[in-house]
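Note sheet for the following structure.
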Amino acid sequence: MEAGGSSRSTATRKRKSAALEVDCYRPLAAPPDSGAAEHDGCGDGRDLHHMRNLGDLPDDMLLKIISLLPIKQGCRTQILARRRRPLWRSLPLNIDCADIVHSNDGKLGDVLQRIISSHQGVCHRFSIRPELSTDMDNDAAVDACLLSSTLDKLKELEFYRRRWHNWQPMPVPALIFRFSPTLCVAKFGHFTLTDDALQGIHFPQLKKLVLHYVYLSDFSLNSMIARSPSLEFLLIIRCTGARRLRINSFTLRTIAVDNHSPDPSIEELVIESAPHLQTLIHLDHNHDLHIAALSVPKLETLGCTNSTRLVLGSTDIRHHQGPRIRGLASAACKIKCLVLGMATLNLDMVIELMTTFPCLEKLYIQCQKSWKNNLWRRKYRGLITNTCFDIHLKTIVLDYYRGKKSDIDFVTFFVLNARVLERMKLIVKRNDDMFVAIHRHRLQLENRASHGAHINFRLKDSDVCISNIYNFCIQENILNL
């Protein structure tokens, strides 16, 4: 009896599992609907606290919940209750080709067509990433999908096409620009963007633009930005061809540039007028970028590396190991957050920058190696006792802390002198109890100037490159993609 009961139980579990694994993109037979009340979705006057299950929620709330699910899980909500089937089919689609491929044994074309043909709503987002764009069959399926009327009002497009001809990326398919009137978010990568392709193209609603490994001219780059009157976020990653970018934008709030490339890349960024720009970041250690920020009255977050040459005004401040900065006192006083990409962890350079930006509240540092020494007690004794020099830092993040003598001296300077410090995060490669105990003692944390400061050690992600400032900014929410 036990063996028979066990077999029946196993068979029941298998049938339930098979039901969940049904092709979520195929039209479903109507299931029994005993658990869901038939109503118009506006509620029947009962308080939400007395609702017994998710099916009792109004349609507008269910729509919001289902829209937050990945496409496969969203599809599966149709089998839970009859009233949920029209909800799913009327929702704006969020198509991520990577999710589809991973859920269907590498198949994309047929499944993608079934999704588009069976869905009654519009498509809000479409994403095809570089790892899927090397397959010509995938390219054909994606091109056919992009021509569908379901995508006519597309809001977000992430489009990569990683194919090359004579060592140059292939030209961009013209069909992606049919979405230019409605796009709010565009992430383009791994293709050539010619001047002719942009002829007459405008992006009236575009707010976020990411260009990643795109080959384009100065004219194409500047034209694309100038024709985006609503643009708020601009991220340029390792694009080639264009060397000079000139910005005049009333709406831009964030600009970040990584000009690392073996081929000619952006060398000069001139911001003539950006009255709402708040964040400006150079993301590369090794390639010079000359930045002239002529009118940026609201700039608060600045990111620079050893290769940054920044002009904010007229006063020339230089350090042989760090960025060269010329700035007006009025502009420098508004900088509250500083992101530093340093070849070596150099306390002298950081103190010099703190005197340049006296109102700093947040300091984020990513360094490639330790400096030979960061001794400070005698060297900066007069500066510390000087009433004109005060450390306003509330947040310090160091990526990464190696535990060497120079690292200890660097961190100890802030531990013992930053009186309003609230949080310090030291990113390390080991954070076992012994390591933490030893370095809490060496850093004299019990004698910290700010008794309310939280100082912790966070283990470094082994998959993240030490010198990748872009990943660092993403992890610390400095750049919000």
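The values are calculated or read from the model by the stated rules, or taken from the named source; none is laboratory data. As the structure is a prediction and not an experimental result, all values here were calculated from the model. Glycine also receives a Cβ, built like all others from the backbone with ideal geometry; neighbour counts cover every protein chain displayed. We work out accessible area using only protein heavy atoms, side chains counted, and drop any ligands, DNA or RNA first. Shrake-Rupley method; radii C 1.70, N 1.55, O 1.52, S 1.80 Å.
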First in the stretch 189-205 and polar (S, T, N, Q), second anywhere and open to solvent by 60 Å² or more (accessible area, probe 1.4 Å) and not in a strand (DSSP E or B), Cβ under 8 Å, 6 or more apart: Gln205/Pro181
Checking Phe203, Phe188, Phe159, Phe177 in turn, the sole residue that is part of a helix (DSSP H, G or I), modelled with pLDDT of 90 or more, under 24 Å from the mean Cα position of the chain (by Cα) and under 19 Å from Cys123 (Cα atoms) turns out to be Phe177
Taking Leu338, is it surrounded by 20 or more Cβ atoms within 10 Å (Cβ to Cβ), part of a loop (DSSP other than H, G, I, E, B) and modelled with pLDDT of 90 or more? no
Any chance Leu312 is at pLDDT 95 or above and open to solvent by less than 50 Å² (accessible area, probe 1.4 Å): no
Filter the stretch 210-248 for residues that are open to solvent by 50 Å² or more (accessible area, probe 1.4 Å) and in a helix (DSSP H, G or I); which is nearest to His260 (Cα to Cα)? Asp218
If you go through the stretch 288-303 one residue at a time, how many are touching a residue at least 24 places away in the same chain (Cβ under 8 Å) and in contact with an Asp or Glu (Cβ under 6 Å, 6 or more places away or on another chain)? 1
Every listed condition ((1) within 30 Å of the chain's Cα centre (by Cα); (2) under 21 Å from Ser307 (Cβ atoms); (3) surrounded by fewer than 21 Cβ atoms within 10 Å (Cβ to Cβ)) holds for Cys359 save (2)
For the stretch 135-156, name all the residues that are open to solvent by 80 Å² or more (accessible area, probe 1.4 Å) and either at pLDDT below 85 or in a loop (DSSP other than H, G, I, E, B) (or both). Met136, Asp137, Leu147, Lys153
Does the stretch 285-309 hold any residues that are open to solvent by 50 Å² or more (accessible area, probe 1.4 Å) and part of a loop (DSSP other than H, G, I, E, B), and which are they? Asn286, His287, Asp288, Leu294, Pro297, Lys298, Glu300
For the stretch 185-209, what are the residues that are farther than 14 Å from Ala226 by Cα and either crowded, with 17+ Cβ neighbours inside 10 Å or of a type in the set (Val, Ile, Thr) (or both)? Val185, Ala186, Lys187, Phe188, Gly189, His190, Phe191, Thr192, Leu193, Thr194, Ala197
Could you run through the stretch 445-469 and say how many residues are surrounded by fewer than 14 Cβ atoms within 10 Å (Cβ to Cβ) and either part of a strand (DSSP E or B) or modelled with pLDDT of 95 or more (or both)? 3
May I ask you to list the residues in the stretch 255-278 that are open to solvent by 20 Å² or more (accessible area, probe 1.4 Å) and not in a loop (DSSP other than H, G, I, E, B)? Glu268, Glu272, Ser273
Among the residues of the stretch 362-405 satisfying the criterion of being β-branched (Val, Ile, Thr) and farther than 17 Å from Glu422 by Cα, which is most open to solvent (accessible area, probe 1.4 Å)? Thr387
When you check Glu131 against the structure, is it under 15 Å from Asp96 (Cβ atoms), open to solvent by 20 Å² or more (accessible area, probe 1.4 Å) and at pLDDT 85 or above, yes or no? no
Check Phe472, Phe435 and return the single one that is modelled with pLDDT of 90 or more, open to solvent by less than 60 Å² (accessible area, probe 1.4 Å) and outside any loop (DSSP other than H, G, I, E, B). Phe435
